[in-house]
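Asker: Can you read through this structure? Questions will come right after.
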2 protein chains.
Amino acid sequence: MPATLRDVARLAGVSPSTVSRALSTPAVVNAATRARVQAAAERLGYQPNRAARGLITGRTGNIGLVVPDLANPFFPSVVKGVQARARQSDVAVFLADTDEDAVEEVVLVRALAKQVDGLILCSPRASEEDLLAVAQETNVVLVNRLVEGVPAVTFDNEGGMRQAIAHLVALGHRRIAWVGGPRTSWSSAHRIIGLYAAANDNGVDLLEVGHFAPTYDGGMAAADQAVATGATAVVTYNDLVAIGLLARLHARGISVPDDLSVVGIDDIAMSRMTRPALTTVRLPKQKAGQIAVELLLAVLDDPDPDTIIGTRGTLHGELIVRDSTGVASDPARP
Amino acid sequence: MPATLRDVARLAGVSPSTVSRALSTPAVVNAATRARVQAAAERLGYQPNRAARGLITGRTGNIGLVVPDLANPFFPSVVKGVQARARQSDVAVFLADTDEDAVEEVVLVRALAKQVDGLILCSPRASEEDLLAVAQETNVVLVNRLVEGVPAVTFDNEGGMRQAIAHLVALGHRRIAWVGGPRTSWSSAHRIIGLYAAANDNGVDLLEVGHFAPTYDGGMAAADQAVATGATAVVTYNDLVAIGLLARLHARGISVPDDLSVVGIDDIAMSRMTRPALTTVRLPKQKAGQIAVELLLAVLDDPDPDTIIGTRGTLHGELIVRDSTGVASDPARP
DNA sequence: GTGAAAGCGCTAACAT
DNA sequence: ATGTTAGCGCTTTCAC
């Protein structure tokens with residue numbers, strides 16, 4: 001049986017409320033008694049029961065984190081960032097993996113919502129209405145998704161795409177293919193906007209190659225179509241797709257970067273392990289998780305809609321040049 | 001404000017206790033009233049407050065999951081297994097990542113322990129004493145680690161290593177190097193036992209190459225020493241190490257599998273994406289997570305030490321042959 | 001089969 | 001500055 005607040009009170013010879021105060025509002029209690037209480041608590045190994053506290057304060061000290069698929073290395077990074085920051089504030093994290101299922105996602109979110117002070121939804125697949133509904137009932141921070149009126153931390157997709165295009169243009173590329181992600185992906189939609197803007201500014205022909213699963217297999221599937229565009233460089237929805245693409249190109253005997261340059265997005269750990277290593281736009285994944293927690297904490301402390309509505313952080317990507325874009329001053333056609 | 005049990009009681013025209021019973025012990029309440037209660041609950045979107053329930057039942061309906069490093073793809077797989085199984089039983093999962101820090105691990109475990117019914121510790125780095133101490137205070141299930149008297153789900157390391165050696169022997173290898181994992185790794189220690197047993201039975205020379213970080217960089221670091229042993233094949237602590245090793249070998253112009261064969265352990269997704277693709281021993285990672293939850297649930301239902309002590313599941317690995325062991329009937333020396 | 005009452009461990013007025 | 005009282009939302013005796 002763990003010690004309760006009453007046990008501490010008895011041992012310290014004070015009332016329960018004094019113990020409560022000594023522990024959560026130390027400033028308001030006499031230094032001497034405070035010491036006595038702390039000693040007693042120490043001796044009993046007292047740990048407040050968070051559930052009981054939550055029952056009365058309405059705060060659980062827990063947050064929920066929902067991600068589409070932990071098997072995609074992008075998400076573990078975000079999770080690590082969330083964890084690390086949450087721990088600093090003594091907040092525990094419920095994690096839920098939706099297996100990329102938009103329906104399951106909403107169910108899980110609803111279930112979690114009851115037990116936490118707030119939720120971080122990372123790259124949610126749910127519809128905008130569903131997300132708004134959830135945001136109505138509970139504190140929500142979005143990561144990698146923007147919904148009007150909901151606090152969010154996103155990546156500067158347009159800026160990232162500009163960097164990728166600028167790099168490729170500098171290497172002489174003028175025909176560039178884009179391998180899109182899932183049709184419902186918010187980031188995919190926004191990346192292509194940035195691509196078109198950059199392409200226009202640079203006199204580049206942009207060739208869309210449709211939508212593919214955000215996976216290795218998706219990249220394998222996209223490769224032939226990307227080649228068929230006649231582009232000299234390909235930008236993909238994410239690194240996993242780029243790596244799948246690399247594999248298929250190799251199988252076909254198409255050399256990267258000699259015949260075709262490839263650029264990914266994310267900079268997952270795997271990207272420096274491929275051959276050739278993958279040029280990519282590094283997204284500050286852990287940082288995003290960390291900031292999401294900070295945003296959520298801010299929302300919890302001040303749930304005033306006026307301050308919060310539209311609160312958002314935008315994180316910038318960083319171009320990481322590796323061998324998959326080599327040096328191709330005279331990019332050959334495959 | 002979410003609806004409370006009293007709200008439901010009022011709407012259904014019954015007492016709170018009846019509502020409570022109708023929802024948690026449906027059998028014991030009249031069918032008609034039960035229906036009325038359920039209708040009312042439905043209409044109000046009533047969700048029981050788990051914290052309040054936990055306060056009285058002593059059960060939170062939550063479990064904690066602690067892993068060393070989500071960045072190692074092995075762990076997200078286990079986490080997914082845990083999640084999936086926990087969800088089925090309407091149990092929520094707290095996740096903590098210790099960043100491979102044994103001290104932090106114990107701290108985190110202690111903190112989590114207060115808020116959950118039980119803990120799943122995956123590949124814990126803490127000392128046996130610390131783990132025993134924790135297991136004393138709270139319900140614990142270990143994954144990939146064995147401590148006397150603590151329920152655990154482990155992998156059949158010896159069997160896995162036998163398969164790896166048998167495969168290599170069949171290909172003609174007689175000098176095989178082993179790249180070990182962290183000094184404190186339980187599985188590393190047990191894998192080497194299996195290796196020696198299998199090596200003895202097959203007249204194979206086993207060459208230990210020391211201890212390395214369980215990472216890509218660890219594999220890079222190990223490669224040269226592995227080559228220097230004069231072995232014709234290398235087995236590594238895990239796939240990540242094998243992949244790092246592959247990279248370094250390639251940089252040195254050593255061909256795999258022509259000059260040297262490589263076998264990993266785990267079968268992470270990345271292993272089929274390397275060049276050459278990695279032969280490995282597949283560990284049922286998700287399954288391990290799933291079983292860990294089942295074990296924990298069993299412990300919770302029947303905390304009788306006699307039934308539980310020593311409860312354990314052993315999962316078997318499966319050899320996955322890919323190109324990194326090619327066909328080398330006449331394995332050349334590098 | 002159902003209701004009334006008590007209380008899980010804690011905090012927050014309200015007194016003092 | 002400290003103690004007293006009440007109650008968060010729920011389950012569970014104990015009566016009926």
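Bear in mind that the values in this text are calculations on the coordinates, not laboratory data. Given the structure is predicted, the values throughout are model-derived calculations rather than measurements. With ideal geometry, Cβ positions are generated from the backbone for all residues, glycine too; neighbour counts draw on all protein chains shown.
Asker: Treating the beta-carbon of each Lys and Arg as +1 and of each Asp and Glu as -1, no other charges, what is the dipole magnitude of the protein assembly as shown about its Cα centre, to the nearest 20 debye?
Answerer: 1240 debye
Asker: Just round it to a whole percent: the fraction of Cα-Cα distances in the protein assembly as shown exceeding 36 Å.
Answerer: In whole percent, the long-distance tail amounts to 48.
Asker: Given B:L121, B:L95, B:H211, which one lies farthest toward the positive end of the charge dipole of chain B, if we put +1 on the Cβ of every Lys and Arg and -1 on the Cβ of every Asp and Glu?
Answerer: The listed residue farthest towards the positive side: B:L95.
Asker: Just want the answer: with Cβ charges of +1 for Lys and Arg and -1 for Asp and Glu, which residue in A:L245, B:I56, A:G313 is farthest toward the dipole's positive end in the protein assembly as shown?
Answerer: B:I56
Asker: Farthest toward the dipole's positive end in chain A, which of A:H167, A:Q136, A:A22, given Cβ charges of +1 (Lys, Arg) and -1 (Asp, Glu) about the Cα centre?
Answerer: So the residue furthest toward the plus end is A:A22.
Asker: Follow-up. If R₀ is 56 angstrom, what is the calculated FRET efficiency for the pair A:D224 and A:A35, using the beta carbon separation as r and rounding to 0.05?
Answerer: 0.15
Asker: Treat every Asp and Glu Cβ in the stretch A:215-311 as -1 and every Lys and Arg Cβ as +1, leave all other atoms uncharged, and give the resulting dipole magnitude about the Cα centre to the nearest 20 debye.
Answerer: Using Cβ point charges on Lys, Arg, Asp and Glu, the stretch A:215-311 gives about 640 debye.
Asker: Follow-up. Give me the percent relative contact order of the stretch A:157-283, please, defined on Cα pairs under 8 angstrom at least 6 residues apart.
Answerer: Relative contact order of the stretch A:157-283: 24 percent.
Asker: How charged is the neighbourhood of B:V106? Take every other residue with its Cβ under 10 Å from the Cβ of B:V106, and add Lys/Arg as +1 and Asp/Glu as -1.
Answerer: Its environment carries a net charge of -2.
Asker: Collect residues whose amide H, placed 1.01 Å from N in the peptide plane, falls under 5 Å from the amide H of A:V263; neighbours closer than 5 in sequence don't count.
Answerer: So A:V263 has HN proximity to A:V234, A:V235, A:T236.
Asker: Okay, next question. Find the Rg to Rh ratio for the stretch B:1-148, where Rh is the Kirkwood radius over alpha-carbon pairs and Rg uses the same atoms.
Answerer: Here the Rg-to-Rh quotient is 1.13.
Asker: 7 Å from Cα along Cα→Cβ at both A:S17 and A:S89: what's the point-to-point distance in nm?
Answerer: 3.0 nm
Asker: What are the residues whose amide H is under 5 Å from the amide H of B:E208, where those residues sit 5 or more places off or on another chain and H is modelled from the backbone?
Answerer: Answer set, sorted by chain and number: B:W178.
Asker: With an 8 Å cut-off on Cα pairs and a minimum separation of 6 or more residues, tell me the relative contact order of chain B in percent.
Answerer: Relative contact order comes out at 17 percent.
Asker: So if I restrict to the alpha-carbon atoms in the stretch A:157-283, what is the Rg, and what is Dmax, the biggest pairwise distance, in Å?
Answerer: 12.7, 35
Asker: If you average the alpha carbon positions of the stretch B:144-205 and of the stretch A:143-200, how far apart do those two centres end up, in angstrom?
Answerer: Centre-to-centre distance over Cα atoms comes out at 47 Å.
Asker: How much FRET efficiency would the formula 1/(1 + (r/R0)^6) give for A:E208 and A:A133, where r is the Cβ-Cβ distance and R0 is 30 Å, rounded to 0.05?
Answerer: Step by step, r from the Cβ atoms, then E = 0.40.
Asker: List the residues, sorted by chain then number, that are 5 or more residues from A:F155 or on another chain and whose placed amide H is less than 5 Å from its amide H.
Answerer: For A:F155, the qualifying residues are A:N144, A:L315.
Asker: Give me the one-decimal Kirkwood hydrodynamic radius in Å for the stretch A:145-184, with the sum taken over alpha-carbon pairs.
Answerer: 12.6 Å
Asker: On a C-alpha basis, how far is the centre of the stretch A:11-42 from the centre of the stretch A:54-128 in Å? Whole number, if you could?
Answerer: 35 Å
Asker: Using the Kirkwood radius built from alpha carbon pairs, what does the Stokes-Einstein equation give as D for chain B at 20 °C and 1.002 mPa s, in µm² per second?
Answerer: 97 µm²/s
Asker: Another question, then. Can you tell me the orientation of helix B:216-228 relative to chain B, as the angle in degrees between its alpha-carbon axis and the longest Cα principal axis, to the nearest 10?
Answerer: The helix B:216-228 is inclined about 30 degrees to chain B.
Asker: Once every DSSP H run of n ≥ 4 in the protein assembly as shown is given -39500 (n - 2.57) and the sum is divided by its residues, what mean residue ellipticity at 222 nm do you get, rounded to the nearest 500 deg cm²/dmol?
Answerer: The helix-only estimate for the protein assembly as shown comes to -14500 deg cm²/dmol at 222 nm.
Asker: Could you work out the percent of alpha carbon pairs in the stretch A:202-246 separated by over 13 Å, rounded to a whole number?
Answerer: Result: 47 percent of Cα pairs exceed 13 Å.
Asker: Provide an ascending nm list, one decimal, of label-point separations from A:A31 to the equivalent residue in each further copy; define each label point as 7 Å from Cα along Cα→Cβ.
Answerer: 7.2
Asker: Sum up the charges of everything whose Cβ sits under 13 Å from the Cβ of A:L131, counting Lys and Arg as +1 and Asp and Glu as -1, but leave A:L131 out.
Answerer: Result for the neighbourhood of A:L131: -3.
Asker: Net charge around B:H190, counting only other residues with Cβ within less than 12 Å of its Cβ (Lys, Arg = +1; Asp, Glu = -1)?
Answerer: 0
Asker: Another question, if that's okay. Nothing charged except the Cβ atoms of Lys and Arg (+1) and of Asp and Glu (-1): what's the magnitude of the dipole of the stretch A:157-283 about its Cα centre? Round to the nearest 20 debye.
Answerer: Charge dipole, the stretch A:157-283, about its Cα centre: 100 debye, nearest 20.
Asker: While we're on this one: Are any of the pairs A:K287/B:K285; A:K285/B:K80; A:K287/B:K114; A:K287/B:K287 more than 23 Å apart by Cα-Cα distance, and if so, which?
Answerer: Beyond 23 Å between Cα atoms: A:K287/B:K285; A:K287/B:K114; A:K287/B:K287.
Asker: Set the Förster distance to 60 Å, then compute FRET efficiency between A:M1 and A:R174 from the Cβ-Cβ distance, nearest 0.05.
Answerer: Between A:M1 and A:R174 the formula returns 0.20.
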